[in-house]
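The values are calculated or read from the model by the stated rules, or taken from the named source; none is laboratory data. It should be emphasised that the depicted structure is a prediction, and the values quoted were computed from it without experimental measurement. Heads up, the Cβs are rebuilt from the backbone with ideal geometry, glycines too, and the neighbour counts pull from every protein chain shown. Accessible surface is based on the protein model in full, side chains and every heavy atom, while ligands, DNA and RNA are left aside. Shrake-Rupley method; radii C 1.70, N 1.55, O 1.52, S 1.80 Å.
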Amino acid sequence: PAARALWPRPRSLERLPDWLLQTPVQVEAPAELRAPAAMLRRELATLFGPESVAAPGRTTVALRLDPATLTKPEEYAVETADGTVTLTAHDVQGAFWAAHTFLQLLEADGVIRTPDGWRVPGVKLRDWPESPFRAFMIQGAWTGDAGAFRRNLELLARMKVRYVALEFGPQVVLDF
């Protein structure tokens, strides 16, 4: 189930024993990874409830930079264990991809709620993009609902798309 939940499929994936995620979750990150850590906290609160992210936590998610080990731009690794998840990246963009991959894992069919927390498939993975250019284009008239475009952009980010083009067509007048 873990492999099917991750898209695109990581270059290296080793299945580890299931582990128990217990709330609250503490997200640790150095200052340079403030943005991916904030996104991860927000998404964890959406998944498990507003009180599920706090320090100290019963489960720790640690974001780390390690460009000496992970040498490719945007490369990242995810390793899970009881009580600790380590998201390691070459750079800030890699940290975003690691966080999104971890969130995909938490939404997998194999995640089961127990009286003590959530049983999550364990993984040790490493991935990097073939190319820094991954794009998607949406063509359509403006609907007046900016929230729909925002939700689409957030979904595309989870799929590790870096560039999005929106074409509204001649029927839209942009009056500045």
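Quick rundown of the values:
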read-out	value
Number of the exception - Glu79 against (1) acidic (Asp, Glu); (2) free of Cβ contacts under 8 Å to residues at least 24 places away in the same chain; (3) in a strand (DSSP E or B)	(2)
Segment 66-91, residues that are closer than 19 Å to Leu44 by Cβ and more than 12 Å from the chain's Cα centre (by Cα)	Glu79, Thr80, Ala81, Asp82, Gly83, Thr84, Val85, Thr86, Thr88, Ala89
Leading residue by the ranking (surrounded by the fewest Cβ atoms within 10 Å (Cβ to Cβ)) among those in segment 51-60 that are more than 23 Å from Leu6 (Cβ to Cβ) and not small (Gly, Ala, Ser)	Pro56
Test set (1) closer than 17 Å to Tyr76 by Cα; (2) touching a residue at least 40 places away in the same chain (Cβ under 8 Å) - Ser131 fails condition number	(2)
Filtered residue count, segment 113-137, keeping only those that are closer than 17 Å to Thr46 by Cα and touching a Lys or Arg at 6+ places or on another chain (Cβ under 9 Å)	2
Residue satisfying all of: in segment 17-50; within 16 Å of the chain's Cα centre (by Cα) and of a type in the set (Asp, Glu); surrounded by the most Cβ atoms within 10 Å (Cβ to Cβ) among these	Glu43
Count of residues meeting criterion [of a type in the set (Gly, Ala, Ser) and either open to solvent by 50 Å² or more (accessible area, probe 1.4 Å) or in a loop (DSSP other than H, G, I, E, B) (or both)] in segment 92-129	2
Residue match in segment 99-110 (condition: under 18 Å from the mean Cα position of the chain (by Cα), modelled with pLDDT of 95 or more and farther than 21 Å from Leu155 by Cα)	no
Failed condition for Asp175, given (1) among the acidic types (Asp, Glu); (2) at pLDDT below 90; (3) assigned to a loop (DSSP other than H, G, I, E, B); (4) under 15 Å from the mean Cα position of the chain (by Cα)	(4)
Scope segment 130-168; condition open to solvent by less than 80 Å² (accessible area, probe 1.4 Å) and modelled with pLDDT under 65; matching residues	Gly140, Ala141, Gly144
Any hit, segment 56-65, residues being under 22 Å from Ala157 (Cβ atoms), in contact with a His (Cβ under 9 Å, 6 or more places away or on another chain) and not in a helix (DSSP H, G or I)	yes
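Conditions tested, residue by residue: (1) under 19 Å from Leu125 (Cβ atoms); (2) touching a helix residue (DSSP H, G or I) at 6+ places or on another chain (Cβ under 8 Å); (3) open to solvent by less than 30 Å² (accessible area, probe 1.4 Å); (4) not hydroxyl-bearing (Ser, Thr, Tyr).
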site	(1), (2), (3), (4)
Arg4	yes, no, no, yes
Arg15	yes, yes, no, yes
Ala62	yes, no, yes, yes
Lys72	yes, no, no, yes
